[in-house]
Amino acid sequence: MGERLDVLRLGYRRGRDPRITTHLALVARALGADGFFLAGDEDQDMFDNLDSVCDRFGGEIETGHVSGLGHLKRHIESGGVAIHLTMYGEPFRQAIPKIRRDRPLLIVVGGAKVPGDVYKYSQHNVAVGNQPHSEVAALALFMDAWFGESGSERQFPDARLIIEGVNGGKIVHDNSVEE
């Protein structure tokens, strides 16, 4: 399966960023991250919502509130690799082959203002396009390219709810209800 992959959301502001940050967490979970960590304002409700998604749709993801630069530095000092998603980096399809896969990976996603030290500490500053875009799209594209089909085609065997597209519609199976 490879080494651990975590996502760090920097600069989270509880009153302004919950929707976009929730979407980052959902993408991280769905595409194969082992952990999702917030730096900035504390928000246990966000983690509770993510736990609820895992309970219903399967899988698990470690969550927690951390200090941004401190967490990033500790990750690197312990031998991990840090990828900072930014418009000012190397194109992701060129960068991915250069990134070590034998070390724990931390994907750093910025918030309102990214401290300059994030660029300095991260071994890879990676761009998903060089135009303004959504951090959610950048994370999804990077993780899809990193994992390939194994990320977007993940199965969650412990899922209670399963959604499948059929003839343009949806079928929801609730595995917690016996037929």
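Values in this text are rule-based calculations from the coordinates and carry no lab data. Model, not experiment: these values are computed from the prediction. Methodologically, a virtual Cβ is constructed for each residue, glycine included, from the backbone with ideal geometry; neighbour enumeration extends over all protein chains shown.
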In the stretch 26-157, taking the dipole from +1 charges on Lys and Arg beta carbons and -1 charges on Asp and Glu beta carbons about the Cα centre, the listed residue (GLN131, ILE99, LEU69) farthest towards the positive end is ILE99
Roughly how many debye, to the nearest 20, is the charge dipole of the stretch 5-174 about its Cα centre, given +1 on each Lys and Arg Cβ, -1 on each Asp and Glu Cβ, and no other charges? 640
Here the stretch 117-122 yields Karplus 3J(HN,Hα) values (6.51, -1.76, 1.60; θ = phi - 60°; whole Hz; Gly and Pro given as x) of 5, 4, 5, 6, 6, 5
How high is the relative contact order of the stretch 5-174, given as a whole-number percent (alpha carbon pairs under 8 Å, six or more residues apart)? 28
State the volume of the convex hull built on the alpha-carbon positions of the stretch 5-174, expressed per residue in Å³ and rounded to an integer. 131
Starting from the Cα of ARG56, step 7 Å along the direction of its Cβ; do the same at ASP144; then give the gap between the two resulting points in nm. 2.4
If amide H atoms are built 1.01 Å from N in the plane of the peptide, which residues on other chains or at least 5 residues away come under 5 Å of the amide H of ALA127? THR86, GLY89, GLU90, PHE92
Give the separation of the Cα centroids, the stretch 1-64 to the stretch 66-94, in Å. 17
Describe numerically, in nm with one decimal, the distance between label points set 7 Å from Cα along Cα→Cβ at ASN130 and at ASP45. 4.1
Give me the percent of DSSP beta bridges within the stretch 5-174 that run antiparallel, rounded to the nearest 5. 20
How far apart, in nanometres, would the label points at ALA137 and GLU3 be if each is projected 7 angstrom from Cα along the Cα-to-Cβ direction? 3.0
Give the calculated FRET efficiency between ARG13 and ASP117 to the nearest 0.05, with a Förster radius of 22 Å applied to their Cβ-Cβ distance. 0.65
